[in-house]
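The values are calculated or read from the model by the stated rules, or taken from the named source; none is laboratory data. Please read these numbers as outputs of a predicted model, since none were measured by experiment. Cβ placement follows ideal geometry from the backbone for every residue including glycine, while neighbour counts extend to all protein chains displayed.
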Amino acid sequence: MQLCDQQVKQFETEGYLFFPDIFARQEIGRLNDELPSIFAQRREENIREKSSDAVRTAFAVHTYNESFGLLARHPRLVRPVMQLLNGPVYMHQFKINAKAAFNGDAWQWHQDFGTWTREDLMPEPRAMNISVFLDDVNEFNGPLLLIPKSHQQGNLEAGHDVTTTSYPLWTLDSEAVTRLGVLIIF
């Protein structure tokens, strides 16, 4: 998959691209079929909700599950990232976020690079998030929310939240999120 000039420009301006149906329902179905056995495993990579035994996040699934390993290396995902970053890429983190809407801990507003630079010492924000939605995403099932153009503000000051989520996260306060939200209006 090769991005056109308009898509590259949109990414640079907005900070994200969205490709509905990049994978066929059958392909997504195969990934969904793998989830029960992945979540049933007692692995340190499976982070469970503090209030239940439900898996919140399964880290590094691409290292032990063939279907998700193929997804992590799929050309439909990797080639556009290589194009946007102008060269080879590596996998910094792979995870399945399994949090269901209305259940479990919240995910506070955060910047992934902000956490990666503080926790993993990632030197510069040359990282790309790729999200593949395995369920339909709507306002009723805990969707991922993005603030367009917020990437243009750089790495923001953040607090280290070690209490409200199942694992530590560097989070933005309400004032920072409000300021970022104003960006998309004006």
Please determine whether any residue of region 145-154 is exposed (fewer than 14 other Cβ atoms within 10 Å of the Cβ) and closer than 27 Å to Ser51 by Cβ. yes
For region 1-21, the count of residues that are free of Cβ contacts under 8 Å to residues at least 60 places away in the same chain and either assigned to a loop (DSSP other than H, G, I, E, B) or closer than 18 Å to Thr63 by Cβ (or both) equals 5
Going through (1) without any contact (Cβ under 8 Å) to a residue 60 or more places away in the chain; (2) assigned to a loop (DSSP other than H, G, I, E, B) one by one, Phe113 fails only at (2)
If you go through Asn46, Asn97, the only one that is more than 15 Å from the chain's Cα centre (by Cα) and closer than 30 Å to Pro168 by Cβ is Asn46
Taking region 168-186 and keeping only residues that are at pLDDT 85 or above and assigned to a loop (DSSP other than H, G, I, E, B), one is left with Leu172, Asp173
Among residues of region 124-134 being free of Cβ contacts under 8 Å to residues at least 40 places away in the same chain and over 13 Å from the mean Cα position of the chain (by Cα), the residue surrounded by the fewest Cβ atoms within 10 Å (Cβ to Cβ) is Glu124
Expected output for region 49-72 (first residue under 16 Å from His92 (Cα atoms) and outside any helix (DSSP H, G or I), partner at pLDDT 90 or above and of a type in the set (Phe, Trp, Tyr), Cβ below 7 Å, 6+ apart or cross-chain) is Ala58/Phe39; Ala60/Phe94
Within region 37-95, the residues that are aliphatic (A, V, I, L, M), modelled with pLDDT of 95 or more and more than 20 Å from Gln2 (Cα to Cα) are Ile38, Ala40, Ala58, Ala60, Val61
Of the residues in region 133-167 that are part of a loop (DSSP other than H, G, I, E, B) and in contact with a strand residue (DSSP E or B) (Cβ under 6 Å, 6 or more places away or on another chain), the one that is modelled with the lowest pLDDT is Ser166
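What's the total number of residues in region 34-48 that are part of a helix (DSSP H, G or I) and either in contact (Cβ under 8 Å) with a residue 24 or more places away in the chain or touching a Gly at 6+ places or on another chain (Cβ under 7 Å) (or both)?
Going through region 34-48 one residue at a time, the tally reaches 4.
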Taking region 159-173 and keeping only residues that are buried (at least 20 other Cβ atoms within 10 Å of the Cβ) and of a type in the set (A, V, I, L, M), one is left with Leu169, Leu172
